[in-house]
Amino acid sequence: MEEKTIWSRRKFSKAVLSLQALVTTGALGINIGCATKEKKTGDELLGVSSQKLLQLAMDEIIPGSGKMPAASQVDGLDYILKVLNEYPELLDGFNQLLITLNELSNTTENDDFANLSKASRIRVLQKFEKDQPKMFSVLRDFVYESYYINEKVWALIGYEPYPTMSAGPKMDPFDEALLDRVKQMTALYLNV
């Protein structure tokens, strides 16, 4: 059984509106064609070179550090591919975003993004954020979502999800001694 990708209405609306804004301003051109209902594989959605570019960009936006894995180490690329497969209307805009990022890399660093050093990739992403803030925010938001929706990351940051109708986490009893220092302070206000 195929696993469904769940987007919040806010995230989906934000992504669609961002792409629509880019199309409206002329910053992004989308080819209009007949949509198909069949699901595509990762290589059919984004070519191998685009997937490599995306993986490298993801790992610069959320690099591994200490116990925390990089974005691609928690299946972030697979998550984004599932979203693009589920919402094919986002695919052309996402492809254009990756093309623009690679063109910027060639313009500023004289090489494809995938061939750059870590420091050069960071410079290109910083320039991308400055020159194309809307496109960068779409990329950043996809990367953040792919990372922070992952249950492995939840465990590492101590996040425990609770359904809306549940009691939620159990709170420790309040310790009145925590207020002792504040109670001893002089008033920090004037009586009027």
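The values are calculated or read from the model by the stated rules, or taken from the named source; none is laboratory data. All values reported here derive from a predicted model rather than from experimental measurement. Cβ: placed from backbone, ideal geometry, glycine included. Neighbour counts: every protein chain shown.
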Can you go through 113, 94, 174 and tell me which one is without any contact (Cβ under 8 Å) to a residue 24 or more places away in the chain and of a type in the set (Phe, Trp, Tyr)?
174
I want to confirm something. Restricting to region 68-100 and keeping residues that are part of a loop (DSSP other than H, G, I, E, B) and on the phi < 0 side of the Ramachandran plot, which single residue is surrounded by the fewest Cβ atoms within 10 Å (Cβ to Cβ)?
87
With respect to residue 177, is the statement that it is under 27 Å from the mean Cα position of the chain (by Cα) and in a helix (DSSP H, G or I) true?
no
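Which residues, taken from region 90-130, are of a type in the set (Lys, Arg) and farther than 17 Å from residue 59 by Cα? Explain how you work it out, then say what you get.
In the first step, residues of region 90-130 are kept if they are of a type in the set (Lys, Arg); the result is 118, 121, 123, 127, 130.
130, the sole residue that qualifies.
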Looking at region 101-116, can you tell me whether even one residue there is part of a helix (DSSP H, G or I), at pLDDT 95 or above and under 17 Å from the mean Cα position of the chain (by Cα)?
yes
Taking the condition in contact (Cβ under 8 Å) with a residue 12 or more places away in the chain, not in a loop (DSSP other than H, G, I, E, B) and not hydrophobic (A, V, I, L, M, F, W, C), does residue 134 pass?
yes
Which residue pairs have Cβ atoms under 9 Å apart, sit 6 or more places apart or on different chains, and have a first residue in region 42-65 that is under 15 Å from residue 102 (Cβ atoms) and a second that is acidic (Asp, Glu)?
49/112; 51/43; 53/112
Please enumerate the residues belonging to region 141-174 that are of a type in the set (D, E, K, R) and either assigned to a loop (DSSP other than H, G, I, E, B) or touching a Pro at 6+ places or on another chain (Cβ under 7 Å) (or both).
160, 170, 172
